[in-house]
Amino acid sequence: MWTLVRILREHGITVTKITTDNPGYVAYEDEYQVVAIPVADT
């Protein structure tokens, strides 16, 4: 993944890494990706 990020950045494409301690409800997960549905802030 980081090789792809480097290549994209070298071609002027912005790549942003987003992290969180509370991703919400994990709707799907496999070896390569996670899909999460955020929860409303209380």
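Here are the numbers:
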| read-out | value |
| --- | --- |
| Test: residue in region 1-24 that is surrounded by 10 or more Cβ atoms within 10 Å (Cβ to Cβ), of a type in the set (Val, Ile, Thr) and touching a strand residue (DSSP E or B) at 6+ places or on another chain (Cβ under 7 Å) | no |
| Candidate set from region 25-41 (those that are touching a Pro at 6+ places or on another chain (Cβ under 9 Å) and closer than 18 Å to Met1 by Cβ); member that is surrounded by the most Cβ atoms within 10 Å (Cβ to Cβ) | Ala36 |
| Residues being of a type in the set (Lys, Arg) and touching a Phe, Trp or Tyr at 6+ places or on another chain (Cβ under 8 Å) - total across the chain | 0 |
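We did not get these values from a lab; they are worked out from the coordinates using the rules stated. Predicted model, so just to flag it, every value in this text is computed and none were measured. All Cβ positions, glycine included, derive from the backbone under ideal geometry; neighbour counts span all protein chains shown.
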